[in-house]
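Shown next, in structure tokens, is the structure this report addresses.
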Amino acid sequence: MENGMMTPGSAYGQPITNLPDTVQSLYDEARNSYQAGAFTGAILICRKVLANVAVYYGAKDGQRFVKYVDYLVENGYVPEKSREWIDKIRTEGNSATHNQTAKNKSDAQRILDFVQMLLLINFKFNSDYNNSGSSPKCWCKLNSANLSFHKLKHTGFFWIVIFFNPVVNGHV
């Protein structure tokens, strides 16, 4: 404890289960970097988390980051309306790499929030839903862009859908 601040601080975000090992280790590293006050590092690691998620879901390894962004959006892992958020991780990562100015706590929180939400939706909530043994009947029209969110809506976490995509098939 120094000057009223405890070091290290608490890890930002929450632990997430059901992540692939490569994604889990990077997500934990990003949270630990934030905890240590390494906000630029946390942002750079979040960028790598998204690349690993895209590769896990079938994107070709070793591509430019924008290709991973496209892959995640085009295959429904990120809603089209959230493309700007995932692209923000790309631009913040570029800025962290190529500009001399360090990133701050607010930048890192924003990026970690989005990465956490993406991981929760694609790994935790979908896994919990798929393992629940129930398959609720629904009148929603599905397509690849909202299938993950359709499942999420029926798990009691509908507020996340609203956060990312206020209108799903013309209804909320």
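Just so it is clear, none of the values below were taken in a lab; they were calculated from the coordinates. As the structure is a prediction and not an experimental result, all values here were calculated from the model. Reconstructed Cβ throughout: ideal geometry from the backbone, glycine too, with neighbour counts over all protein chains shown.
What ³J(HN,Hα) values, in whole Hz, does the Karplus curve 6.51 cos²θ - 1.76 cosθ + 1.60 give for the stretch 113-122 when θ = phi - 60°, with x put for Gly and Pro?
Computed from phi, the couplings for the stretch 113-122 are 4, 5, 4, 4, 4, 4, 5, 4, 5, 7 Hz.
Among the listed pairs 81/103; 67/103; 48/103, which are separated by more than 20 Å between their Cα atoms? Please list the in-between numbers first.
Working: 81/103 25 Å; 67/103 24 Å; 48/103 16 Å.
Table pairs above 20 Å Cα-Cα are 81/103; 67/103.
Whole-Hz Karplus ³J(HN,Hα) for the stretch 49-65, in order, using 6.51 cos²θ - 1.76 cosθ + 1.60 and θ = phi - 60°, x for Gly and Pro?
Ordered by residue, 3J(HN,Hα) equals 4, 5, 4, 5, 4, 4, 5, 4, 7, x, 5, 6, 6, x, 8, 5, 4 Hz.
Would you please state which residues of the stretch 41-68 a label at residue 98 would reach in this model, taking the label point 7 Å out along Cα→Cβ and a backbone N cut-off of under 20 Å?
Under cut-off, by backbone N: 41-51, 62-68.
Per residue of the stretch 80-91, what does 6.51 cos²θ - 1.76 cosθ + 1.60 with θ = phi - 60° give for ³J(HN,Hα)? Whole Hz please, x for Gly and Pro, Karplus curve as stated.
My calculation for the stretch 80-91 gives 3, 5, 9, 3, 5, 5, 5, 5, 5, 5, 4, 5 Hz in order.
By the scheme Lys and Arg +1, Asp and Glu -1, what is the net charge of all other residues having a beta-carbon under 13 Å from that of residue 84? Present the calculation step by step, with values, prior to reporting the outcome.
Values: positive: 81, 83, 88, 90, 110; negative: 80, 87, 92.
Around residue 84, the surrounding residues sum to +2.
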